[in-house]
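Okay, structure first, notes after.
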Amino acid sequence: MTKLHIDCSMGIAGDMLTAALLAIAPDRAKAVRTLRIIAGSLPGVTFEVSEAKRGAVAGLHCSVFINGSEEGESPRKNYRGMGLSSVTDLLSALPIAANARDNAIAIYKRIAEAESKIHGESTQLVHFHELGALDAVFDVAAVCALLELIAPDEITASPVNLGGGTVWTAHGRLPVPAPATALIFAGSPTYGDSELQSELATPTGAAVLTHFVQGRFGAQPLMNVTAIGHGLGTKDFPNRSNAVRVTLGTTESGGDAPNGEVAELACNIDDMTGEQLGYAAEQLRSAGALDVSFIPITGKKNRPGVILLLLCKPGDESKFAKLLLRYTSTFGVRSTLKSRYELERWFTNNGKVKHGRGYGIEKSKNEFDLTNDVL
């Protein structure tokens, strides 16, 4: 399995992620050609990639120009109020892989939904201002196309540094994070940085990250690292390296070491009925828990009780801890991150047969389903 981890300790922006992914592309020349095709399909767009250094870190910097002007040269110069349908038309016409186009359109719909809630307008009436500027359209399409070339099986990310202070937008000066960024990141782990009075996470970067990471936030997972890339931002900060780092690696299922991680949440309960515990387990499983089980114990005052044991993906601990506190009588939840040995899994026969392979082992098992099988 190939894994890609994105370090967002200096935030996340589309141009920085583009540069970082370009640095680890398996065929740099092909990747650059793909980006030039994207730029050439957007009116007035050109881009340049250069090697640079921010603080102590060297990497790639991606500059996007609209009719010869780069973002930031004139804060209002490149604004173009495009609606969702206009952006979708541009993305649909790009000569890139269909999956990359679909991802890019889904990302812009995510931005449109956030803007719609903020401004109280239909998604079709929302105009993107700086979010719909052609440099942002290029960034989104570029990231999607590069990820299609790199083809990781799983994408994870660290909690995101949002920065601090205020930022100038088409709606005036607003506190960091901008409203769209804050809304898109709702439910994802983020934090502010009072030392850096600057916007580190943009709405475009937020939408791209949450679309691909799908809640898998946390520490870098166990992997054999094969490539590391740094995408540099435009600004220089004292004693900081303004870079997004991506780490590409593989997990080997044929060795002797654990090849995965799982978060384990547990709590002791001795004052709930079997019916109540069953309902809680149903809610936790429907929310995406990997497993929910009960272990008999002796509770307070010698009452019979259980340990409710829940397994979830790393990064989902906060989500399920809150659900445990909501649906059970417990006042506290223990959380532990554990390594585990996993077989590579796949299904055949319309999901009825599960196969596993790894560590010199290969096996298959028929999946029992009350709707398809007869006792």
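Structural remarks
- Taking every residue in the stretch 207-227 that is assigned to a strand (DSSP E or B) and pairing it with any residue that is at pLDDT below 90 and among the β-branched types (V, I, T), at least 6 positions away or on another chain, the pairs with Cβ-Cβ distances below 6 Å are N224/T250.
- In the stretch 302-321, the residues that are part of a loop (DSSP other than H, G, I, E, B) and either out of contact with any strand residue (DSSP E or B) (no Cβ under 6 Å at 6 or more places or on another chain) or polar (S, T, N, Q) (or both): R303, K313, D316
- The criterion of being at pLDDT below 95, in the same structural domain as D291 (by TED's automatic domain parsing) and among the charged types (D, E, K, R) does not hold for D369.
One line per residue, one yes/no per condition, for (1) in a helix (DSSP H, G or I); (2) within 25 Å of the chain's Cα centre (by Cα); (3) at pLDDT 80 or above; (4) not assigned by TED's automatic domain parsing to the domain that holds V167:
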site: E73; (1), (2), (3), (4): no, no, no, no
site: R76; (1), (2), (3), (4): no, no, no, no
site: Y79; (1), (2), (3), (4): no, no, no, no
site: T88; (1), (2), (3), (4): yes, yes, yes, no
site: L94; (1), (2), (3), (4): no, yes, yes, no
site: N99; (1), (2), (3), (4): yes, yes, yes, no
site: D102; (1), (2), (3), (4): yes, yes, yes, no
site: I107; (1), (2), (3), (4): yes, yes, yes, no
site: I111; (1), (2), (3), (4): yes, yes, yes, no
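- Members of the stretch 166-206 that are assigned to a strand (DSSP E or B), buried (at least 19 other Cβ atoms within 10 Å of the Cβ) and of a type in the set (G, A, S): A201
- Failed item, numbered, when L324 is tested on (1) within 26 Å of the chain's Cα centre (by Cα); (2) farther than 13 Å from A266 by Cα; (3) outside any strand (DSSP E or B): (2)
- The set of residues in the stretch 14-46 being in a loop (DSSP other than H, G, I, E, B), of a type in the set (A, V, I, L, M, F, W, C) and modelled with pLDDT under 95 consists of L42 alone.
- Cβ-Cβ under 7 Å pairs, at least 6 apart or on other chains, the stretch 354-365 side over 15 Å from Y341 (Cβ atoms) and in contact (Cβ under 8 Å) with a residue 12 or more places away in the chain, far side surrounded by fewer than 15 Cβ atoms within 10 Å (Cβ to Cβ) and not hydroxyl-bearing (S, T, Y): K354/R345; K354/F347; K354/K365; K354/E367
- When we screen H127, H119 for residues that are at pLDDT 65 or above and not hydroxyl-bearing (S, T, Y), the only hit is H119.
The values are calculated or read from the model by the stated rules, or taken from the named source; none is laboratory data. If you're wondering where the values come from, they're calculated on a predicted model, not measured in any experiment. So basically every Cβ, Gly included, is an ideal-geometry build from the backbone, and we count neighbours across all protein chains shown.
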